[in-house]
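The values are calculated or read from the model by the stated rules, or taken from the named source; none is laboratory data. Nothing here was measured: the structure is a model prediction, and the numbers come from that model. With ideal geometry, Cβ positions are generated from the backbone for all residues, glycine too; neighbour counts draw on all protein chains shown.
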């Protein structure tokens, strides 16, 4: 049974998964994960995602609100970073789970293997 003290912790965890619950936000996080020091300017994210600026802004706002990314403004440029290095590991684990789940479908497996690998922990790298 969930205690009153545990409820807020589960809500925070659920909000993390809500923040991840959109393909564009996963793509943004994969781009940041693959970027040097897990940091990239908005201009790079715009070019790589193909999203309209307003849509990218909404997705980045959601990720910021749930403390998945952080941002720094310098003059007219805004740079985004992963809020925690564990997010790269989370993406890598999700990719491994996806590959295992798609093992029965060769075409989907081929497409999934083209996704960015992220940073797998040494013991689970294959």
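Of note:
Residue-wise test of (1) more than 15 Å from residue 66 (Cβ to Cβ); (2) touching a strand residue (DSSP E or B) at 6+ places or on another chain (Cβ under 8 Å); (3) touching a residue at least 12 places away in the same chain (Cβ under 8 Å).
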{"residue": "6", "(1), (2), (3)": "yes, no, no"}
{"residue": "18", "(1), (2), (3)": "no, no, yes"}
{"residue": "27", "(1), (2), (3)": "yes, no, yes"}
{"residue": "33", "(1), (2), (3)": "yes, yes, yes"}
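- Residue-level check: of (1) at negative phi; (2) assigned to a helix (DSSP H, G or I); (3) modelled with pLDDT under 95, residue 5 misses just (2).
- Scan of region 85-102 for residues that are within 19 Å of residue 45 (Cα to Cα) and either without any contact (Cβ under 8 Å) to a residue 12 or more places away in the chain or part of a helix (DSSP H, G or I) (or both), ordered by number: 87, 88, 91
- Listed conditions (1) more than 16 Å from residue 16 (Cα to Cα); (2) assigned to a helix (DSSP H, G or I) are all met by residue 51, apart from (2).
- When region 51-80 is filtered for residues that are under 18 Å from residue 33 (Cα atoms) and surrounded by fewer than 16 Cβ atoms within 10 Å (Cβ to Cβ), the ones remaining, listed by number, are 61, 64, 67, 70, 71, 72, 78.
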